[in-house]
Structure formats: structure tokens, C-alpha cells
Amino acid sequence: MTNHEVAQRFQQIADTLEVQGENPFKVRAYRNAVEAIERLVEPLDEIERRGELEEIPGFGEAITAKTRDFLTKGTTKLYEQIKNAVPPGVLKLAAVPGIGPKTARALWESAGVKSVEEAEAAAKEGRIQTAPGFGAAKEKKLLEAINRGRRLSERLPLWTALPYVERLAAELAARPEVVRAEAAGSARRHRDTVGDLDIVVATNDPAATEKAVAGLSGVTEVMESGRAKVAAMTDIGMHLDVRLGRPEDFGALLHHFSSGQAHNIALRELAESMGLKINEYGVFDAKTGAERFQGEDEAQVYTALGLPYIEPELREGRGEIEAARRNALPRLVTEADFRGQLHEHTTWSDGTASVRQMAEAAIARGYEYLAITDHSHSLQIANGLSRERLLEQLDEVAAVRRELPAGFTLLTGIEADILADGSLDCEEDLLARLDIVVGSVHIRHKEDEAAMTARVVRALESPYLHILGHPTGRLLGKREPFPLDMEVVIAAAVRTGTVLEINASPDRMDLNDLYAHRAKQQGARLTVNADAHSTTGLGSLRWGLYMARRAWLTPEDVVNTYPLQELRRVLKPRTA
DNA sequence: GCCGTTTTCGGCCCGACTGTTTTCAGTCG
């Protein structure tokens, strides 16, 4: 059974127990297990083989035993007991935002409602408002929740959600009574996909700001509205939460709504052990209620707890608080650390800028080097380079290089297709001449996991391959990742000295944060590249940088932050 | 069900908004 399948079963257990009214902390324990499993890169089988299941955070005696059952028998006693206890439609109803487990159960038990459709029909016939605990208003809200649920988008890619929420925040910030307005939530943590939008606002007139939310461009409906919070629906199908506060509370407010739930829970538990209490208004002495700081500075929350500042990207409850307490937080890589990029295209294949234009754009960005890596021959849809055209391009690169200022180096290269058998789509004598060889899978990517993994591993074993480009091939919202055993791929990258790319194309962000973090843990080197197809495309680096930072990467982990001599030293030596 | 610089038992983050239950439960983040 795969990790995802085990996680789904624990999810189903949690959802069912919740509708059944079980102890909420037990439900949380199962949900924590789901999250812990979803962030594993290594298969549970492997971890079990080493006898280390119980070391997974959130895995105690019971969940370890049940996981073992799933792995060996495909099921476990509790799962068999609960799987038919609640109709699937009731679980779906409970999952509609705004409805919830208690309401779904009440409708099921008192009105016989067993699905979203039945709930809708019953509400339309006015049969809900007569049920105990319900009224006309609640019946109306139920219908609205069901309708809104249908318009709700799946999680959106960050590159869609972040500019959108930043624009709304800027609209609010422009208001006279607003002191500050910032995008918060998972968008500020730079998760690769975003499930809802959060904005925090420091305002001198909460009533006026509250009203203004309805008039923001893109807001289609206000669902809840109060002095501290407005919940709205937007035209991109995302919920928007705007939180309002006094300017002197802004630091605490921004912190609270920028951090993942697991981070906040862990932080508040730490505060409690120190005799302190944290909420979105500040840090307080638990006994006297005395406030420990005031102001707009988010970092003060950590200062009040005796901790160094924790960057938003790290606030996911993945051990960052423990690391902060040990003063062992990573010095996260920043945009200013980059000395160049190693995977870019020109008009020689499917780019829009010439070799010279790309070089000049790189110089303008302050880079010390740039590699030109156009597509290889077999990717004809992208005007891939034949042997003859690649040789011509090398002449042009050499000519341009001579005219560029000293201190900048234009590197030759190619993005060679990894063919179905794992070989590189370029002759060896050519590969041997190039400074940078990126290898990527573009075609025939629907094979099974074993075949895909073997294919990529064979490519990694090539003495010519420096960098594995966009390793999982995902396109956010459009294409799932290839079926790949990333644990095996990472191990092969470490063994062969091949660098793994975090491709920064906004719709790729590939490797993602989990894989990049695992790669770092296993001792792999990484590189972040825009995979630019234009001069402005070089600026897309930031989307990959976000993944790198979420993966706890430091400049030492990312080879294109190195000076050129150092970069050349760490690239795979040509031993063939 | 998990977990332990107080604890192997008794806790488990904390607050906003809504509706209808006149004192709070449900949902959300």
C-alpha cells in the first residue's frame, strides 16, 4: 500500500470519527498522522523495514500498529469497523465549507439526509428548518454553503494566488484609515498551491475598513462581517479572509495569520510552558495579563519567547521551533545569493531572446555567469538543436563571450532530453564539449513508476549529466508529477554527484519543497533556475527560490550561489 | 490518540462570527 493510500485511510477514519462525535483530540491525532505521512518522501514500507515507524512525529503505539496492519494486511480492525458506519455522502456533506461534521450528522439523523444533493433538496422544500437546532436562517445558510462550495476552486498555483491577494492588500493599504495591509496565510509562506486568501490590516477605523472589503475588485460576496474579521468570496473561486486590528497589535496579527496552524499550536504550547499566552493580539503574561510587546514588528513575537526570528516559509510545524530553540535555524538562501543561472533558452530553440540579449539581461541582474541550454534535437516542437545547429550555436556563444565584460562568463550547454531508455539525446563528443548539461524528461512520461525511475537513474549515471531538470515534470493545476520513486532518484543523485534542479517556472516549482528538503537531508546538491525563455523570464527565479527556502536550503545547498570556480569544482567530473 | 526541562495521567491553541440554545455550540483558520 502506498503512503498516499495509507494517509487516505487515516483521513477517512478521522472524518468518520468526527461525524460520530468522537473525542476531537483523537480526531486530531489521526489528522496529524495524515499530514505526517503526506510529508514523507520515503515509502512507509522502507521505514517499517528499519523498524522506525514509531519515530515519525505523531505516530504513537496505536497509529504505528494500524499503519503496520495497512502495510501487511491492507486493512485494520478500526478501518473495517468505520468504513460503512457513515454514508460517504454524509462525509462529503460534512466537508462542504461552512457545514461541518456536527451539522451533517444532525441532518442525517433527524432528516435522513445522506448526501449533498439530498440536503439541498430538503432545504429547498423547507424541511430543514423544522429539524431540532435548525431555523430558517440556518436553512438558507446551508443552501448558500452548498452553492458556494460548487463555485469554490481547487487550490490555486501560487503564481495565480499571490499576485491576486497582494493586489487586494494594496487596494486596502491605499485607504486613508489603513496604516498597513499585508497578504498573509499560505500565500505569504509561499506554498506552491494556495487554498484560500488571507489579508491582515492595521486600521484606525475598523468599521470603515470592514465596509470597504465588499467593494474590493474581485470580491463577489461577503459571507461574514465583523469588526475583527470579514470573510468574502472572490471571482477566482477562493475564499478571502480579511483580519482587522489596531496598528499597535499588527505585529501579533501578521504573525498569527501568516503561520501554519501546526506552528501556532506548537508556539502556544511553548509559551504556556514559559508562563506566557499568545493570541493574535500579542504575547501576554499568563497570570497578570501584562503585554510583552506592542507594535508592527512581527519578530517581537519570537523575541518575547526568547527565540530568533522564524521566516514565514519555515512556519509549518516541521521542527522549526525546536531548531530555533537550539539556535540552529538555517540561513535561508536569498535572491541576492545567486551568482548565475544554469538553465535558460534562446531563439536557437523556443526562447524569444538572442544569446547576447540573455547574457546582457544576466549582467544587468548582477550575475557572474549564465548557461545557455537550448533544447536538444528530439524536442522538435521546441525547435530542438541538431548537431549542426548546436555547433553553430557554440560559435555564436564564443563570439558573444569575447565581447562581454570581464568578470562575466557565458557558459555553453544544452537541455538534453532523457530518452525512453534513459540515454541523453545528444552525441557524447558534443556533451563532452559543453560546460553545463541539463537532462530532462519531456516525452514518453506516462510509463509506470519502475520504468520511469530506472530511466531517470540511468540518466543520472551518465558521466556527462550535470543537472537533472524539473525532476518530477509536474505542471501545477495541469499535469500530475511523473510516477517516480524520488527516494531512489535522490539516492542516485547523491551517488553520482548529479545536481537536482528546482525549476522556477511558476507553473512547475519542481522539485517541490518536500523533495528538495529530503534531497538536502540525504546530501544532494541543488540548483535553482528560472528555465527562462525570455530576458524577463530570468526574474521567475523567485518561484523556485520560494521552494528552496521552504526546503530549509542555505546558499551552501544551492550550487548557483557559488563563484564560478567553485561551481566548476563541484560539478560532476567527466570520467568517461 | 499523543505526549512529558512539572507529568506515564490528564491535559491537548485561541479567538471571531453566526444563529437561536437566553449562555452557548458549531465552524473556521
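Can you run phi through the Karplus equation (6.51, -1.76, 1.60; θ = phi - 60°) for the stretch A:44-50 and list ³J(HN,Hα) in whole Hz, with x for Gly and Pro?
After applying 6.51 cos²θ - 1.76 cosθ + 1.60, I find 4, 3, 4, 5, 4, 4, 7 Hz.
For n ≥ 4 DSSP H runs only, could you compute -39500 (n - 2.57) per run for chain A, divide by its residues and tell me the 222 nm figure to the nearest 500?
Helix-only estimate at 222 nm: -12500 deg cm²/dmol.
How high is the FRET efficiency between A:SER115 and A:ASN84 when r is their beta carbon distance and R₀ equals 22 Å, given to the nearest 0.05?
0.90
Rounded to the nearest 20 Debye, what is the dipole magnitude of the stretch A:1-159 about its Cα centre when Lys and Arg each give +1 and Asp and Glu each give -1 at the C-beta?
Here the size comes out at about 680 debye.
Could you line up A:VAL213, A:VAL437 from fewest to most neighbouring Cβ atoms inside 10 Å?
A:VAL213, A:VAL437
How high is the relative contact order of chain A? Use alpha-carbon pairs under 8 Å, at least six apart in sequence, and give a whole percent.
Once divided by the residue count of chain A, the mean separation gives 9 percent.
Would you compute the Debye intensity of the stretch A:401-550 from its alpha-carbon atoms alone, equal scatterers and no solvent, and pass along log10 I(q)/I(0) at q = 0.11, 0.22 Å⁻¹ to two decimals?
-0.41, -1.52
Under the rule of at least 5 residues apart or a separate chain, name every residue whose amide H is placed under 5 Å from the amide H of A:SER354.
Amide H neighbours of A:SER354, under 5 Å, 5+ apart: A:THR347.
Mind giving me the FRET efficiency for A:GLU280 and A:ALA364? R0 is 41 Å, r the Cβ-Cβ distance, nearest 0.05 is fine.
The calculated FRET efficiency here is 0.45.
If you take every residue apart from A:LEU545 with its C-beta less than 11 Å away from the C-beta of A:LEU545, what net charge results, scoring Lys and Arg +1 and Asp and Glu -1?
Residues close to A:LEU545 contribute a combined charge of 0.
Based on Cβ point charges of +1 for Lys and Arg and -1 for Asp and Glu, what charge dipole magnitude is obtained for chain A about its Cα centre, in debye rounded to the nearest 20?
Here the size comes out at about 1080 debye.
For A:LYS26, list the lysines whose Cα falls under 22 Å from its own Cα; do not include residues on the same chain fewer than 8 positions away.
Answer for A:LYS26, where 22 Å is the Cα cut-off: A:LYS66, A:LYS77, A:LYS83, A:LYS92, A:LYS102, listed by chain and number.
What residues have an amide H closer than 5 Å to that of A:GLU344, excluding those fewer than 5 places away on the same chain, when H is modeled at 1.01 Å from N in the peptide plane?
Hits under the 5 Å cutoff: A:THR373.
At what distance in nm do the modelled label points of A:THR130 and A:LYS77 sit from each other, each positioned 7 Å from its Cα along Cα→Cβ?
A separation of 4.4 nm, rounded to one decimal place.
Please compute one quarter of the surface area of the Cα convex hull for chain A and express it in square nanometres.
29.6
How large are Rg and Dmax for the stretch A:1-131 when only the alpha carbon atoms are used, in Å?
17.1, 58
Mind sorting A:LYS73, A:LYS572 by how few other Cβ atoms lie within 10 Å of their own Cβ, fewest first?
Ranking A:LYS73, A:LYS572 by Cβ neighbours within 10 Å, fewest first, gives A:LYS73, A:LYS572.
Taking neighbour counts of Cβ atoms within 10 Å as a proxy for exposure, in what order, fewest first, do A:LYS66, A:LYS26 appear?
By the 10 Å Cβ count, ascending, the order reads A:LYS26, A:LYS66.
Order the peptides A:134-142, A:49-57 from the highest to the lowest mean number of other Cβ atoms within 10 Å of their residues.
A:134-142, A:49-57
With an 8 Å cut-off on Cα pairs and a minimum separation of 6 or more residues, tell me the relative contact order of the stretch A:429-558 in percent.
For the stretch A:429-558, the relative contact order is 21 percent.
Residue by residue, what Karplus-based ³J(HN,Hα) values in Hz, rounded to whole numbers, does the stretch A:503-518 have, using 6.51, -1.76 and 1.60 with θ = phi - 60° and x for Gly and Pro?
Running phi through 6.51 cos²θ - 1.76 cosθ + 1.60 with θ = phi - 60° gives 6, 9, 3, x, 8, 10, 6, 9, 4, 7, 5, 5, 5, 5, 5, 4 Hz.
So who's got an amide H within less than 5 Å of the one on A:ALA184, skipping anything under 5 residues away but keeping other chains? H placed 1.01 Å off N, in plane.
Amide H neighbours of A:ALA184, under 5 Å, 5+ apart: A:ASP198, A:ILE199, A:VAL200.
About the Cα centre of the stretch A:71-225, what is the dipole size in debye to 20, counting +1 per Lys and Arg Cβ and -1 per Asp and Glu Cβ, all else neutral?
Charge dipole, the stretch A:71-225, about its Cα centre: 580 debye, nearest 20.
Read phi for every residue in the stretch A:497-502 and hand back ³J(HN,Hα) as whole Hz from Karplus 6.51 cos²θ - 1.76 cosθ + 1.60, θ = phi - 60°, with x for Gly and Pro.
x, 8, 7, 9, 8, 9
Read-outs: derived from the displayed coordinates by stated rules, not from any lab. No experiment lies behind these values; they were computed from the predicted model shown. Every residue, glycine among them, receives a Cβ derived from its backbone with ideal geometry; neighbour counts consider all protein chains shown.
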